[in-house]
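The values are calculated or read from the model by the stated rules, or taken from the named source; none is laboratory data. Keep in mind that this is a model prediction, so the values were computed, not measured. Here the Cβ positions follow ideal geometry from the backbone for every residue, glycine too, while neighbour counts run over all protein chains shown.
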Amino acid sequence: MLPTASVDAQPVVQDIGQSAYQSAAPQTVAGQTFQAYLQTVGARARREGVSDATISRVLTGLVPNQRVIELDSAQPSRSTTPPPVAPYIAQHVGSSIIARGRSRYAELSGILPSIERRYGVPAPVLFAIWGHETNYGSYVGDFDLARSLATLAWEGRRRGLFEGELVALLKMVDQGVPPYRLKGSWAGAFGYPQFLPSVYLRLAVDGDGNGTRDIFTSPADTIASIANYFRDSGWRPGQPWGVPASLPSGFNANAYASKLAAPTCDRVHARHGQWKTVSEWRALGVTAQRPIGDSVLTSLFQPDGPGTPAYLLTGNYRVILQYNCSNYYALSVGLLADEIAR
């Protein structure tokens, strides 16, 4: 779950090996040296209740990471014509990730029913998120989170976001999370589900009952924490994320384009059709290919145009988009979840 640009483009691969910033020369951005800026962050953290010991432990000795600045600057701009979805799906919903997801699903089958009952989110969807974020925990990133977040906040392009996440990271350490655990993506996401620090503080849960919220090594805590995120984001129990749909010959999907302007993730949502019930779509010749209630509100989505796969998306698809604002990501998560559940 990374703070990428809100565009309907393929998610950027974020977990790239750390490249140290070697220069000892003082750098200035927005009139402050890096060390002076860390003093400002420390003062804010202190006002928000973080102990002096934690502030010193985490911030002392940090230097900027130029590679992090380069990666942040390379984030995609708004794309006028998004690339086709099919190649991304073929790459990210392949036999290997499906097989591994089914294997982990079987290994953890004993804990899944209670998590599903508690949060109302199907376990295959949770596994699909875990699979996409870190390949079920096989790679979580190796950037020093404090250094990355401090660099991004000091650089200033998105200071409000990254300074808040750095303070949240300090609060995590103050609450007992050992600093050696705090490795992750260049943009500050970490652990099996790639939570940001503020999300960890708010939504990570103890899924195995041992008194800790360990999303670094515990599958139970990871699955339960993702489920808690989805419930908090408005997941509707009993509804799928969407279903494949067939369209009649010559159907003009553009005639049913959405007229709503989304307040966030606008370019992503703009590609979805109007909201109609499944029965209303059926009356227009659009037929769901899997079971779904007639009264469920859905939006028609045919990302690669006429003659290519189409879907009726429910509100739960938008919950997946809150995890990562990309149709490529959300659609591949939904399709991977379906494959794991088979």
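Of all the strands (runs of 3 or more DSSP E) wholly in region 249-342, which have at least 2 residues that are of a type outside the set (D, E) and touching a helix residue (DSSP H, G or I) at 6+ places or on another chain (Cβ under 7 Å)?
Result: 297-301.
Is it true that L170 is more than 17 Å from D221 (Cα to Cα), in contact (Cβ under 8 Å) with a residue 24 or more places away in the chain, crowded, with 24+ Cβ neighbours inside 10 Å and touching a helix residue (DSSP H, G or I) at 6+ places or on another chain (Cβ under 7 Å)?
The answer is yes for L170.
Does F162 satisfy being farther than 26 Å from V68 by Cα, in a helix (DSSP H, G or I) and among the hydrophobic types (A, V, I, L, M, F, W, C)?
no
Is it the case that G250 is farther than 24 Å from V121 by Cβ, of a type outside the set (F, W, Y), out of contact with any Lys or Arg (no Cβ under 8 Å at 6 or more places or on another chain) and surrounded by 19 or more Cβ atoms within 10 Å (Cβ to Cβ)?
no
So the check is Cβ under 9 Å with 6+ separation or different chains; which pairs have a first residue in region 72-94 that's modelled with pLDDT of 80 or more and surrounded by 11 or more Cβ atoms within 10 Å (Cβ to Cβ) and a second one that's in a loop (DSSP other than H, G, I, E, B) and of a type in the set (G, A, S)?
D72/A187; P82/A9; P83/A9; P84/G305
Is it true that some residue in region 307-322 is surrounded by fewer than 21 Cβ atoms within 10 Å (Cβ to Cβ), in contact with a Lys or Arg (Cβ under 9 Å, 6 or more places away or on another chain) and more than 14 Å from A128 (Cβ to Cβ)?
yes
Being more than 23 Å from the chain's Cα centre (by Cα) and at positive phi narrows it down to one residue among G42, G120, G49; which is it?
Exactly one residue qualifies, and that residue is G49.
Restricting to region 307-324, what's the tally of residues that are within 22 Å of P248 (Cβ to Cβ) and either touching a Cys at 6+ places or on another chain (Cβ under 7 Å) or modelled with pLDDT under 95 (or both)?
So the answer is 1.
Name the residues in region 165-190 that are more than 18 Å from T60 (Cα to Cα) and either touching a strand residue (DSSP E or B) at 6+ places or on another chain (Cβ under 7 Å) or assigned to a helix (DSSP H, G or I) (or both), would you?
Hits for region 165-190 are G184, S185, W186, A189, F190.
Which residue is farthest from G94 (Cα to Cα), if the candidates are limited to region 128-147 and must be part of a helix (DSSP H, G or I) and under 18 Å from the mean Cα position of the chain (by Cα)?
Result: L145.
Scanning for something within 30 Å of R117 (Cα to Cα), crowded, with 24+ Cβ neighbours inside 10 Å and modelled with pLDDT of 95 or more, does region 173-190 turn up at least one residue?
Yes; the residues of region 173-190 include at least one that is within 30 Å of R117 (Cα to Cα), crowded, with 24+ Cβ neighbours inside 10 Å and modelled with pLDDT of 95 or more.
Between residues in region 127-146 that are over 27 Å from P113 (Cα atoms) and without any contact (Cβ under 8 Å) to a residue 60 or more places away in the chain and residues that are outside any loop (DSSP other than H, G, I, E, B) and not β-branched (V, I, T), which pairs lie under 7 Å by C-beta distance while being six or more apart or on different chains?
Filtered contacts from region 127-146: L145/L169; L145/K183; L145/G184; L145/F190.
Just name the residue that is surrounded by the fewest Cβ atoms within 10 Å (Cβ to Cβ) out of those in region 191-202 that are over 22 Å from A337 (Cα atoms) and without any contact (Cβ under 8 Å) to a residue 60 or more places away in the chain.
For region 191-202, the residue satisfying everything is R202.
Name every residue in region 205-246 that is surrounded by 16 or more Cβ atoms within 10 Å (Cβ to Cβ), free of Cβ contacts under 8 Å to residues at least 40 places away in the same chain and either assigned to a helix (DSSP H, G or I) or within 15 Å of the chain's Cα centre (by Cα) (or both), in order of residue number.
I215, D221, S225
Filter region 117-148 for residues that are among the charged types (D, E, K, R) and surrounded by fewer than 16 Cβ atoms within 10 Å (Cβ to Cβ); which is nearest to V243 (Cα to Cα)? Full working, then the answer.
First, the residues of region 117-148 that are among the charged types (D, E, K, R): 117-118, 133, 142, 144, 147.
Retained after the next criterion (residues that are surrounded by fewer than 16 Cβ atoms within 10 Å (Cβ to Cβ)): 117-118, 142.
Working: R117: 23, R118: 25, D142: 37 Å.
So the residue we want is R117.
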